[in-house]
Amino acid sequence: MSEQIAAKLPAHIGIIMDGNGRWAKLQNKPRIFGHKAGVEAIRSIVKASSKIGIKVLTLYAFSTENWKRPKAEVEGLMSLFSNYLKKEVNELHKNNVCFRIIGEKSMLSGSLVNLIAESEALTKNNTGLVLNIAVNYGGRDEIIWAVKEIARDIALGRMEPEDIDSGMLERHLYTAGLQDPDLIIRTSGELRLSNFLIWQSAYSELWFTDVLWPDFTEAVYMGAINDFQKRKRRYGGV
Ligand code: FPP
């Protein structure tokens, strides 16, 4: 790792992996072909993240809105998630990666939920990279869920409304215990967050590229990190 990279490394990076469909279309291939190529990009970026010492990597794989896609594409994506876990979890474990899914799992198939539970249990004590994959994730839903839990605690008399503060809310989010993302990357030229980590990204640096996700290489990733290292973060101060 170069000294420059080590200097001000983002601890937590979030990535909105976008452009798989367009990548496939450019090659006159079905959309799922782009998602499969996207898995290769995931492999290389997870490896690179571990190598340079990123602490947390959160990848947006499937939003609460993605159920609106054609049934065949949704099923294709679900089987890619299952295959990824079956094929990769041992390798992730060997590399000391702690794997987690963030999102509402109840809408996923029983077999996928089991695979997720096994993968999370196997890797839960690992001390290297924390890899969060966001599946059936929505930032607003995450906040609503947290508010409901807090409201329940108030109704049960376990706390007072005055006890609510940002630390408490954060403890009810999927990312409880993890630091907020320093850097959020989005590929494919779209310039929005699309309901990704909306609470946690309050002070994140945003980095956009026209590169489509399947073409997102380690070199492009290092470019994003390098740009991040040149940013001045003020968190509202001067
Ligand atoms: C966005 O591209 C991509 C997705 C909605 C799915 C991301 C999934 C993967 C990268 C592969 C499977 C993931 C795992 C964790 C194994 P898009 O389809 O919106 O592309 P488009 O905007 O060009 O249509």
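Data overview
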| quantity | calculated |
| --- | --- |
| Cα gyration tensor shape of the stretch 160-204, rounded if a/c is under 1.5, else prolate or oblate by comparing a/b with b/c | prolate |
| Cα gyration tensor shape of the stretch 84-228, rounded if a/c is under 1.5, else prolate or oblate by comparing a/b with b/c | oblate |
| Distance from the stretch 1-80 to the stretch 89-140 (C-alpha centre basis), Å | 15 Å |
| Lys/Arg +1, Asp/Glu -1 at C-beta; the stretch 26-90 dipole; positive extreme among 46, 80, 32 | 46 |
| Chain lengthening between residue 158 and residue 105 when straightened (0.36 nm per residue, less Cα-Cα) | 16.4 nm |
| Rounded to the nearest 10 Å², the accessible area of residue 210 at probe 1.4 Å | 120 Å² |
| The chain - mean residue ellipticity at 222 nm from DSSP helices (-39,500 (n - 2.57) per run, n ≥ 4, rounded to 500) | -14500 deg cm²/dmol |
| Within the stretch 91-107, backbone nitrogen closer than 17 Å to the virtual label 7 Å beyond the Cα of residue 121 toward Cβ | 93, 99-101 |
| Relative contact order %, the chain, counting alpha carbon pairs below 8 Å whose residues are six or more apart | 29 percent |
| Estimated FRET transfer efficiency (residue 192, residue 148; beta-carbon r; R0 30 Å; 0.05) | 0.70 |
| Given 25/47; 51/87; 8/55; 8/51; 47/232, the pairs whose alpha carbons are separated by over 23 Å | 25/47; 47/232 |
| DSSP-assigned coil residues among GluC sites (Glu not before Pro) in the stretch 80-127, each with at most 16 further Cβ atoms within 10 Å | 104 |
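The values are calculated or read from the model by the stated rules, or taken from the named source; none is laboratory data. In this text, all values refer to a predicted model and were calculated from it rather than measured experimentally. When we count neighbours, we look across all protein chains shown, and the Cβ atoms used for this are built from the backbone with ideal geometry, even at glycine. Keep in mind that these areas ignore ligands, DNA and RNA; they rest on the heavy atoms of the full protein, side chains included. Shrake-Rupley method; radii C 1.70, N 1.55, O 1.52, S 1.80 Å.
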